Each structure stands twice: as C-alpha cells, then as structure tokens.
Amino acid sequence: MNRLSSCHNIDQSWLALTARCNCHCVYCYYSHSLGTRSMSLQAAQSVIDLLLELGIEHCALVGGEPTLHPDLLPLIRYSSQKGMKVSIVTNGRRFADLRLCEEAIEAGVDRVSISIEGTTPSIHEKITQQSGSYRDTSSALRNFLSLGFHVDAITTICTSNQYNLYAMVDYLIDLGMKDAVFNLCTPSVAGLQSGEVLEPEAIAEILDRLMSYRPNDIRLTVVTPFPPCLVESAGFRERAGTCQMHHGNGVTIDVDGSVLPCTHFSQASLFNIFDEDRTISGREFLRQWELNGGNFRDSLWAYPSEKCIDCDLWFRCYGGCPLFWTEYDLNAIHQKTKSGQQSHGSDD
Ligand code: SF4
Ligand code: SF4
C-alpha cells in the first residue's frame with residue numbers, strides 16, 4: 001500500500017481539464033468565470049503524479065468538456081502508463097468521430113461516460129442548447145458499442161426530460177446497453193436558477209416508477225444519493241448511494257488547480273495545489289486537506305431532518321445529496337409524507 005494512502009480516505013478523483021464546452025446545458029453547475037481556460041499538459045501530468053503519490057488510482061477527466069483539450073490523448077497515455085485508471089465524463093460530441101474513440105481506447109482510457117439527456121433531438125437539445133448535439137451524442141454511444149468498449153450513458157433527470165425516462169430506458173435497451181445510469185438535477189451551489197430542478201417529492205415518484213420499469217432487461221443506477229425513505233421501491237433502498245463528501249472519499253481538481261470537495265462546488269475552493277510554478281507535494285496536500293477541508297466536512301454531519309436522528313439508514317444515507325437541502329426542507333417533507341413517518345427509527 002502507498003504510504004500516504006493510509007492518511008486519507010480519498011479513492012476517487014475528478015480533474016477538470018478545460019473550462020471550454022461545446023454544449024450550454026441549462027442546468028450546468030460549472031463556473032463560467034474561468035472562461036475558456038485550460039490546464040497545460042505539463043500541469044495536468046503533475047496533478048496525475050500528485051494523485052498517484054497520494055495513492056489515488058482513479059481519475060475521471062471532466063470539464064467543461066474534456067475532449068476539447070488538445071492534449072487529451074497524451075494525458076490519457078501518460079496516466080495509464082503510470083497505472084492510473086482514467087475515465088472521461090463527456091457530452092460525447094467529439095466521439096461522433098469513430099477514429100477519436102479508437103485513439104482514446106488505444107491510449108488506455110478505462111471507461112467513458114456519455115451524457116444523453118433525451119431520446120429525441122428536441123428534448124436533448126432543449127437541455128444542451130446546441131443543435132446537432134443529439135446526433136453527435138447518439139453516434140458516440142453507437143461508436144463505442146461498435147468497438148465493444150464499455151460505455152455508460154448518463155441522463156440527468158430534470159424538468160425537461162421527466163416524461164422521457166421510460167423512452168430512455170427503451171432506447172438504451174435497443175442499443176444493447178446493460179446499464180442505465182441516472183443523475184438528479186440538483187440545486188446549484190452558486191444559487192443559479194435553471195428551472196430544471198424537480199421537487200424531491202416529484203423525484204421520489206419518478207424513481208419509484210422507474211425502478212420497476214423493465215428490471216429484467218437493464219440494470220438501473222441512480223448515482224446522485226437520494227433519501228431511500230422517500231422512495232417506496234425496496235430495490236431503490238438497497239441501491240441508494242452516499243454523498244462522498246462526508247468522509248472525504250473524493251476530490252476534484254479544477255482547471256486552475258483549485259481543490260473542490262465535489263465537482264458541483266466550482267468556485268468554492270478549499271485550497272490550491274499550484275504554488276507559483278510548482279505543484280504542492282502529497283504531504284502538503286494532506287496538511288491542507290485536513291486544515292481547510294476538515295471543518296467543511298464536519299459541517300456536513302448536521303441532520304437534515306429530525307427523522308434522520310434515529311434512522312437505521314443514517315450511516316448509509318446521510319440524508320442524500322445535501323445540495324437538495326440548500327433549497328428544500330427535508331423535515332417538512334417527512335412531516336407530510338407517510339414514508340417519512342415510517343422511516344423514523346423503524347427500519348428493519
Ligand atoms: S437517514 Fe434521513 S433521509 Fe436517510 S433514509 Fe433515514 S430518515 Fe430518510
Ligand atoms: S454534494 Fe455529495 S451527493 Fe451531492 S453531488 Fe456532490 S458529492 Fe454528490
């Protein structure tokens with residue numbers, strides 16, 4: 001085991017390579033104050049080295065849109081040769097070019113996650129605000145599948161696609177995919193109002209129905225943690241995730257070297273890994289991670305609802321994604337809903 005890996009809990013990292021993007025998604029949480037800034041190849045390699053020094057072996061390249069970075073392939077090659085498992089989270093538009101898909105695989109990419117927001121151009125492009133993006137993204141999915149490569153399709157559940165979700169599951173099954181992965185559109189840390197965030201009660205109803213749709217044909221995953229007590233489906237309860245910020249299980253490095261507790265915290269930097277023309281050491285990173293991140297993580301442990309205090313699921317749930325409770329009141333929802341009353345200390 002790497003010496004420094006025993007000093008922290010981080011096992012996943014996200015690296016924002018560029019702030020540029022060729023879509024303009026209505027609910028984008030990424031700060032556009034960074035304009036078109038990109039990280040140089042040398043700086044990105046030093047981040048990979050730092051992550052490896054810390055014993056972190058998984059890095060997802062994000063943005064902006066990471067495929068717009070001119071040195072995407074050299075960085076994947078560098079990282080994979082050093083033993084880092086590199087994935088790409090992308091809108092897929094540049095992967096409409098089959099050759100780029102082949103080159104990324106050849107360079108050593110471990111996994112590709114492509115965001116698809118609707119099964120028709122009108123729904124998808126209402127969200128991405130870029131005409132032609134549906135054609136590109138669906139081609140990208142087909143390209144990777146034709147190469148026999150494991151690709152994920154990720155759909156962010158929001159106001160504009162809430163009635164298109166069964167169709168999305170059908171679409172993915174028809175493509176031959178084994179997994180359907182869903183995100184939830186959450187309130188923005190910066191307070192941006194997109195009109196795309198669904199109320200938690202509406203999300204609960206959607207998830208309840210979705211979990212029982214064609215369960216034998218595809219595996220459904222909801223990656224944004226959401227309180228299982230609000231969803232009746234037992235299948236959802238077993239698979240509900242946990243916010244990685246509570247234990248500091250993940251770290252995001254933004255394009256300017258800012259260290260963020262989660263990709264959604266663009267502009268809410270804990271500290272910076274670039275110190276003039278050098279990248280800080282693993283030990284210095286850990287010192288600042290504790291100093292600047294410890295208080296922030298402690299603040300997350302406040303119960304979002306009285307019902308959580310005695311709930312047996314607390315240590316698996318922590319109330320779901322805390323971003324929801326910056327805008328909604330979980331306590332009030334629990335008081336209104338039957339499922340909330342049942343969850344109070346009665347989980348078996
Ligand atoms: S911990 Fe809270 S939010 Fe999570 S299931 Fe229990 S009562 Fe619901
Ligand atoms: S706040 Fe936690 S649960 Fe929500 S998106 Fe960030 S890491 Fe995920």
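The slack between Ile309 and Gln81, meaning 0.36 nm per residue of separation minus the straight C-alpha distance, is 77.4 nm. Here the Karplus curve 6.51 cos²θ - 1.76 cosθ + 1.60, taken at θ = phi - 60°, turns the phi angles of the stretch 59-65 into couplings of 9, 9, 7, 10, x, x, 10 Hz, with x standing for Gly and Pro. Students often forget the sequence filter, so: which lysines lie under 23 Å Cα-Cα from Lys178 once same-chain residues fewer than 8 apart are removed? Within the straight-line limit of under 23 Å, Lys178 reaches these lysines: Lys85. Amide H contacts of Leu61: Leu15, Ser87, Ile88, Val89, each under 5 Å away and 5 or more positions distant or on a separate chain (H built 1.01 Å from N in the peptide plane; Pro and chain starts excluded). Can you pull a Stokes-Einstein diffusion coefficient for the stretch 8-303 at 20 °C (1.002 mPa s), Rh from Kirkwood over Cα pairs, as a whole number of µm²/s? Here the translational diffusion coefficient equals 108 µm²/s. Modelled spin-label separation between Arg214 and Ala302, with each label point placed 7 Å from Cα along the Cα-to-Cβ direction: 4.3 nm. Note on Ser131 and Asn249: their simple-model spin labels are 4.4 nm apart, each label 7 Å out from Cα toward Cβ.
Taking a point 7 Å from the Cα of Thr221 along the Cα-to-Cβ direction, the residues of the stretch 296-324 with backbone N closer than 19 Å to it are 316-317, 320-321. When Glu232, Glu290, Glu238 are sorted by how many other C-beta atoms sit within 10 angstrom of their C-beta, beginning with the fewest, the order is Glu238, Glu290, Glu232. In order along the stretch 304-318, the phi-based Karplus estimate (6.51 cos²θ - 1.76 cosθ + 1.60, θ = phi - 60°) of 3J(HN,Hα) comes to x, 8, 4, 4, 6, 4, 9, 7, 5, 8, 3, 6, 10, 10, 6 Hz; Gly and Pro are listed as x.
What is the ratio of the Cα radius of gyration of the stretch 23-62 to 2.2 N^0.38 Å, with N the residue count, to two decimals?
Numbers: Rg = 13.5 Å, N = 40, 2.2 N^0.38 = 8.9 Å.
Ratio of Rg to 2.2 N^0.38 Å for the stretch 23-62: 1.51.
Identify the residues of the stretch 223-264 with backbone N under 12 Å of a label point that sits 7 angstrom from the Cα of Glu327 along the Cα-to-Cβ direction, or state none. Counting only backbone N, you get no residues. The dipole here belongs to the stretch 190-348: it is taken about the Cα centre, uses +1 on the Cβ of Lys and Arg and -1 on the Cβ of Asp and Glu, and is about 360 debye.
Under 5 Å from the amide H of Met177 lies no amide H of any residue 5 or more positions distant or on a separate chain, with H modelled from the backbone and absent for Pro and chain starts. Under a 5 Å amide H cut-off, with hydrogens placed 1.01 Å from N, Thr279 pairs with nothing among residues at least 5 apart or on other chains.
Throughout, read-outs are computed from the coordinates displayed, never taken from laboratory work. Note that the coordinates shown come from a computational prediction; the quantities given were computed from them, not determined experimentally. Quick reminder, even Gly has a Cβ in these numbers, built from the backbone with ideal geometry, and neighbours come from all protein chains shown.
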